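Novice: The structure is given below, and queries will be raised subsequently.
The values are calculated or read from the model by the stated rules, or taken from the named source; none is laboratory data. Remember, predicted model here, so these are calculated numbers, not experimental data. As a convention, Cβ positions derive from the backbone with ideal geometry for all residues, glycine included, and neighbour counts pool all protein chains shown. For accessibility, only protein heavy atoms count, side chains too; no ligands or nucleic acids. Shrake-Rupley method; radii C 1.70, N 1.55, O 1.52, S 1.80 Å.
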Amino acid sequence: MLTAGKLLEAFQVTDGAKFRLKDVDPADTLDLESEFKDEAPELLAGGIERLRDLQEKLYAQDRWAVLLVFQAMDAAGKDSTIKHVMSGVNPQGVEVTSFKQPSQEDLDHDYLWRCMRRVPERGRIGIFNRSYYEEVLVVRVHPDILARQKLPPELVTEKLWDGRFQDIRNYERYLARNGTVIRKFFLHVSKKEQRKRFLERIDEGRKNWKFSLADVHERQHWKDYMRAYEDAIRETATKHAPWFVVPADHKWFTRLVVAAAVVDALEDLDLRFPKVDARQRAELRAARRMLEHE
């Protein structure tokens, strides 16, 4: 029987030294039979229900924050995964931030600045749809983007990427030490499946709005992106900020893995509703008396 622990163990990376992206099959479902797909919605609903309960305790306890980082190639299913996995939680306790092209104000600051501003408060779940990892992914694949970042020329050396990996590791260590739980997800879609989803966006009218010709042009850099993702995961996977390299060719399976990882992260915190002390109990009794005598 496949347990949540085994499900997560198969795709979690906490030490990147031996990680190779080619070892992860984007179509993998851990040999679950195709019929299992029909049971997936019910299993996902169970995970969402558990997540709802844990999020309520997270919010009430107001001690921990949770940051979920999603990275992927286009059409890998980031938006739909976030939508389905987080569908049952209280929106007051969740904030989703989608990082697109940096603004002029962003470019006038260091590359972590715009993401630092959106880190979740205690008691809340923050979701980054893309993140500071773009700075070692798309910026690495397209050097012309780096040229627009106004860095002093003497700082743009061959050591720049190693420096950024170190910055990210240190920043995530800092967040973890201050009560922010970090889980990072790379939704690993195959080039073949991406092509299929792009064609669906072209052929189906209700999906036309999702399509961009620029996405097709990016396919020409597929190998460069895969190398960049592999390096990013190898360099920044740690026990306090693990990566989950989730097969994304089958959306039902992707959602199960992500939901299991989020629930597991919250369960590790041993969340509880705050205890009411003697003074607060006395106030509750006084409030009851006042209401009963109105």
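Novice: Hey, which of these cross-link pairs are over 20 Å Cα-Cα: Lys100/Lys191; Lys83/Lys207; Lys150/Lys210?
Specialist: In this structure, Lys100/Lys191; Lys150/Lys210 lie more than 20 Å apart at Cα.
Novice: Let me ask something else about it. When the Cα centres of the range 137-206 and the range 213-247 are compared, how far apart do they sit, in Å?
Specialist: 7
Novice: With the crude spin-label approximation of a point 7 Å out along Cα→Cβ, what separation in nm comes out for Ala278 versus Glu294?
Specialist: Rounded to a tenth, the inter-label distance reads 3.0 nm.
Novice: With all protein chains present and a 1.4 Å probe, how do Lys251, Lys78, Lys192 order by accessible area, largest first?
Specialist: So, going from the largest accessible area down, we get Lys192, Lys251, Lys78.
Novice: Once you list every other residue whose beta carbon is under 9 Å from the beta carbon of Gly77, what net charge do they have if Lys and Arg are +1 and Asp and Glu are -1? Please report the intermediate quantities before stating the final value.
Specialist: Working: positive: Lys78, Arg197, Lys251, Arg255; negative: Asp79.
With Lys, Arg at +1 and Asp, Glu at -1, the neighbours total +3.
Novice: For Arg195 and Arg52, compute 0.36 nm times the residue count separating them, minus their Cα-Cα distance, and round to one decimal in nm.
Specialist: 48.0 nm
Novice: For the range 1-93, count the residues as N, evaluate 2.2 N^0.38 Å, and divide the Cα radius of gyration by that value, please.
Specialist: 1.28
Novice: Can I ask one more? Most mobile of Leu213, Leu107, Leu175 per a Gaussian network model of the chain (Cα springs, under 10 Å)?
Specialist: Residue with maximal mean-square fluctuation among Leu213, Leu107, Leu175: Leu213.
Novice: Note the direction-averaged projected area, equal to a quarter of the hull surface, for the Cα convex hull of the range 247-291, in nm².
Specialist: For the range 247-291, the mean projected area of the Cα convex hull comes to 5.6 nm².
Novice: Additional query: How big is the Rg/Rh ratio for the chain, C-alpha atoms only, Rh by Kirkwood, two decimals?
Specialist: Value, to two decimals: 1.02.
Novice: For the range 220-283, what value does the Rg/Rh ratio take when both radii are computed over Cα atoms and Rh is the Kirkwood radius, given to two decimals? Each step should come with its number before you reach the end.
Specialist: Values: Rg = 20.1 Å, Rh = 15.6 Å.
My calculation of the ratio gives 1.29.
Novice: Could you pull the accessible area for Ile202 with a 1.4 Å probe, rounded to 10 Å²?
Specialist: About 90 Å², rounded to the nearest 10.
Novice: Counting helices only, and only those DSSP H runs with n ≥ 4, report the 222 nm mean residue ellipticity of the chain as the sum of -39,500 (n - 2.57) divided by its residues, in deg cm²/dmol to the nearest 500.
Specialist: Helices in the chain give a 222 nm mean residue ellipticity of -14500 deg cm²/dmol.
Novice: More than 27 angstrom separation, counting every C-alpha pair in the range 35-175; what % is that?
Specialist: On the way: 3329 of 9870 pairs.
Across the range 35-175, Cα pairs with separations above 27 Å total 34 percent.
Novice: Could I have the simple spin-label model distance between Asp23 and Leu146, label points 7 Å from Cα toward Cβ, reported in nm to one decimal?
Specialist: 2.8
Novice: While we're here: Once you put a point 7 Å from the Cα of Arg227 and another 7 Å from the Cα of Asp110, both along the Cβ direction, what distance in nm separates them?
Specialist: Placing both labels 7 Å beyond Cα along the Cβ direction yields 2.8 nm.
Novice: Let me ask something additional. Any chance you could look up the accessible area of Arg169 with a 1.4 Å probe, heavy atoms only, rounded to 10 Å²?
Specialist: My reading of the accessible area for Arg169 is about 80 Å².
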